[in-house]
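Down below is the structure, laid out as structure tokens.
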Amino acid sequence: MRSFLRFVLRLMVLVIVFLVSALVAMRFAIHGRQVAVPKVVGMAPMQAQKVLESKGLLLDDSDRFYSADVPEGRIMSQVPAAGEQVRSGWRVRVAESMGPQRVVIPDLVGNSERAAEINIRRRGLELGSIATATIPGAPGDQIVGQSPPANAVNVSEPKISLLLAGSEDRASFVMPDLIGLNEDNAVSAIVNAGLHVSGIRTQGTAPPAAQASSTATPQPAAAANTPQPNSAQSVPTGTRMVVRTYPAAGQRVFDGQGIGLEVTQ
């Protein structure tokens, strides 16, 4: 009996040692893949990218803001903050300073959506979200509001969002997410949804113009109609990957609207 008890006791000790060793090894493996986020605030994006890549991290520099304190072309903020522990391959999102605001915010109320978009692009600004509302007495496809307002100063970012007077009889859909698709598949998806491609540009050139209206607020399933296939259109395509769409995924688009694509070179 004593021999049996000794055997059971030794077995329990071995099991405990095994479990402790496994936990220590697992903790070491998890923390071994983590790195401390370096400080990139104040750097130029190219320099920040090299610093992050040396740590096995990625740079996301899609945000740009005006700043009277941070020189133009320098990073003014980062997420996660410097010193935080993240896994290798983590994407660090930064905001780049555009320097002080130098561009005058135009008055777009009363313009058509197309004219407003051209005006925005021509001034080096970006088109934000486009909300559509049915306003009695307001002509369709006419801008009835904007943010920031005309001639605003001390704005934080170079984006102008628009409020467009819409028409009740136009079928609308939710813009699908095409990021990551190759150019051929993205064009096919757009055409089959009853839309068309208004332009395709490679990274580093002027954005293609998207036609008709959209909104940044996704529509409920009950309100969003199912797009019906449309006849094929002759659009130049390739095997490049889609990195951005105009309008962005989740915004409202209308039947027959033009969709702009930005693809890799």
Go through region 115-128 and give me each residue that's in contact (Cβ under 8 Å) with a residue 40 or more places away in the chain, over 8 Å from LEU162 (Cβ atoms) and not charged (D, E, K, R). ILE118, ILE120
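For region 82-99, enumerate the residues that are surrounded by 14 or more Cβ atoms within 10 Å (Cβ to Cβ) and either in contact with a Leu (Cβ under 9 Å, 6 or more places away or on another chain) or not aliphatic (A, V, I, L, M) (or both). Step through it out loud before you land on a result.
Within region 82-99, the subset surrounded by 14 or more Cβ atoms within 10 Å (Cβ to Cβ) is 84, 86, 90, 92-99.
Within region 82-99, GLU84, VAL86, TRP90, VAL92, ARG93, VAL94, GLU96, SER97, GLY99 meet the criteria.
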Output for Cβ contacts, cut-off 7 Å, separation at least six or different chains, first residue at pLDDT below 85 in region 130-154, second in a loop (DSSP other than H, G, I, E, B) and acidic (Asp, Glu), reads THR134/GLU168
How many residues does region 55-92 hold that are touching a residue at least 40 places away in the same chain (Cβ under 8 Å) and touching a Lys or Arg at 6+ places or on another chain (Cβ under 6 Å)? 3
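Please determine whether any residue of region 101-113 is without any contact (Cβ under 8 Å) to a residue 60 or more places away in the chain, part of a loop (DSSP other than H, G, I, E, B), at positive phi and not aromatic (Phe, Trp, Tyr).
Filtering region 101-113 for residues without any contact (Cβ under 8 Å) to a residue 60 or more places away in the chain gives 101-112.
Filter once more, keeping what is part of a loop (DSSP other than H, G, I, E, B): 101-111.
Retained after the next criterion (residues that are at positive phi): 110.
Applying the additional criterion that residues be not aromatic (Phe, Trp, Tyr) yields 110.
There is at least one residue in region 101-113 that is without any contact (Cβ under 8 Å) to a residue 60 or more places away in the chain, part of a loop (DSSP other than H, G, I, E, B), at positive phi and not aromatic (Phe, Trp, Tyr).
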For ARG74, state whether it is at pLDDT below 90, surrounded by 15 or more Cβ atoms within 10 Å (Cβ to Cβ) and closer than 23 Å to ASN154 by Cα. no
Does region 117-137 include one or more residues that are among the aliphatic types (A, V, I, L, M), assigned to a loop (DSSP other than H, G, I, E, B), touching a strand residue (DSSP E or B) at 6+ places or on another chain (Cβ under 8 Å) and buried (at least 17 other Cβ atoms within 10 Å of the Cβ)? yes
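Within the group ILE179, ILE200, ILE190, which residue is at pLDDT 50 or above, open to solvent by 80 Å² or more (accessible area, probe 1.4 Å) and of a type in the set (A, V, I, L, M, F, W, C)? Reasoning before the result, please.
Numbers: ILE200 fails: open to solvent by 80 Å² or more (accessible area, probe 1.4 Å); ILE190 fails: open to solvent by 80 Å² or more (accessible area, probe 1.4 Å).
Exactly one residue qualifies, and that residue is ILE179.
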For GLU157, the lone unmet condition from (1) in a loop (DSSP other than H, G, I, E, B); (2) touching an Asp or Glu at 6+ places or on another chain (Cβ under 9 Å); (3) crowded, with 18+ Cβ neighbours inside 10 Å is (3)
Tell me, please, whether a residue that is within 30 Å of ALA44 (Cα to Cα), touching a Ser or Thr at 6+ places or on another chain (Cβ under 8 Å), at pLDDT 90 or above and hydroxyl-bearing (Ser, Thr, Tyr) can be found in region 89-109. yes
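The values are calculated or read from the model by the stated rules, or taken from the named source; none is laboratory data. These numbers come from a predicted model, not from an experiment. With ideal geometry, Cβ positions are generated from the backbone for all residues, glycine too; neighbour counts draw on all protein chains shown. The accessibility values were calculated without ligands, DNA or RNA, using every heavy atom of the protein model including side chains. Shrake-Rupley method; radii C 1.70, N 1.55, O 1.52, S 1.80 Å.
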